[in-house]
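**Q** Dropping the structure in here first, questions after.
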Amino acid sequence: MTTQDPEVLFLCVHNAGRSQMAAALLAHHGEGRVVVHSAGTDPAQHLNPAVIEAMKEVGIDISAQRPRPLTDEDASRADVVVTMGCGDSCPVYPGKRYLDWALPDPAGKSVGEVRLIRDEIDRLVRGLVRELGR
């Protein structure tokens, strides 16, 4: 890796669950050595409350975050784009490294079910941190 901190974009449809958890977990585990962004192709109005609760359980407060739309700027500056269940609605930007994490959508799920998704995202994020050399 270069001396410049890598930039990672987490992308899903609503930016209200999976991508928000992944961004918060990467910011936590990356300890300031990774620039993190998240966005959605069709952002929701607010975060999933079960996602906020599940993240609080691991000491990460994302309650102030808001879903936001994907911009070309987000994608152009990212070194790695991690897609999560957006299928054909996730645009492809040439020259970017893509990872697709097949994760269930936490929408409508209980906190207990969201915990399982959070824990899988945490496992994947830790692997990404190692891969990025951070």
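**Q** So if each residue of separation counts as 0.36 nm, and I subtract the Cα-Cα distance between Val92 and Asp42, what length gain in nm does that give? List each step's numbers first, then the result.
**A** Details: separation 50, 0.36 × 50 = 18.00 nm, distance 1.56 nm.
Difference between extended and current length: 16.4 nm.
**Q** Same structure again: Most exposed first by the Cβ proxy, i.e. fewest other Cβ within 10 Å, how do Leu99, Leu124, Leu25, Leu47 rank?
**A** On the way: Leu99 15, Leu124 18, Leu25 25, Leu47 21.
Placing the least packed residue first, the sequence is Leu99, Leu124, Leu47, Leu25.
**Q** Would you work out the relative contact order for the chain, in percent, from Cα pairs under 8 angstrom that are 6 or more residues apart? Could the numbers behind the result be given before it?
**A** Details: 246 pairs, mean separation 43.2, N = 134.
About 32 percent, as a whole number.
**Q** Are there any helices in the chain, counted as whole DSSP H runs, that stretch 24 Å or more along their axis by Cα and score at least -1.0 on average by Kyte-Doolittle, and if so which?
**A** Span-like helices, by this rule, are 111-131.
**Q** Show log10 I(q)/I(0) for segment 84-134 at q = 0.30 Å⁻¹, two decimals, from a solvent-free Debye sum over equal Cα scatterers.
**A** Here log10 of I(q) over I(0) equals -1.12.
**Q** If the rule is a partner Cβ under 4.7 Å, which cysteines in the chain fail it?
**A** Cys12
**Q** Mind listing the Cα extents of segment 15-134 along all three principal axes, in Å, largest one first?
**A** 38, 31, 25
**Q** Would you mind classifying segment 6-61 by shape? Square roots of the alpha carbon gyration tensor eigenvalues, ordered a ≥ b ≥ c; an a/c under 1.5 is rounded, otherwise it is prolate if a/b is larger than b/c and oblate if not. Show your work: numbers first, answer last.
**A** Values: a/c = 3.21, a/b = 1.15, b/c = 2.80.
Oblate, because a/c is 1.5 or more while a/b does not exceed b/c.
**Q** Determine the sum of side-chain charges near Ile52: Lys and Arg each +1, Asp and Glu each -1, restricted to other residues whose C-beta is under 15 angstrom from that of Ile52. Write out the running numbers ahead of the final one.
**A** Working: positive: Arg18, Lys56, Arg66, Lys109, Arg115, Arg118; negative: Glu53, Glu57, Asp61, Glu113.
Net of charged neighbours comes to +2.
**Q** Another question about this same structure. Sorted by average packing, counted as other Cβ atoms within 10 angstrom per residue and highest first, what order do 79-85, 113-119, 100-106 take?
**A** Numbers: 79-85: 21.7, 113-119: 18.7, 100-106: 16.6.
Ranking the peptides 79-85, 113-119, 100-106 by packing returns 79-85, 113-119, 100-106.
**Q** Quick one: which residues, 5 or more positions from Leu99 or on another chain, have an amide H under 5 Å from its amide H? H modelled 1.01 Å from N in the peptide plane, none for Pro or chain starts.
**A** Val81, Val82, Thr83
Any read-out appearing in this document is the output of simple, stated calculations on the displayed coordinates, not a laboratory observation. Source: prediction; values computed, not measured. Positions of Cβ are generated from backbone atoms using ideal geometry, with glycine treated the same way; all protein chains shown enter the neighbour counts.
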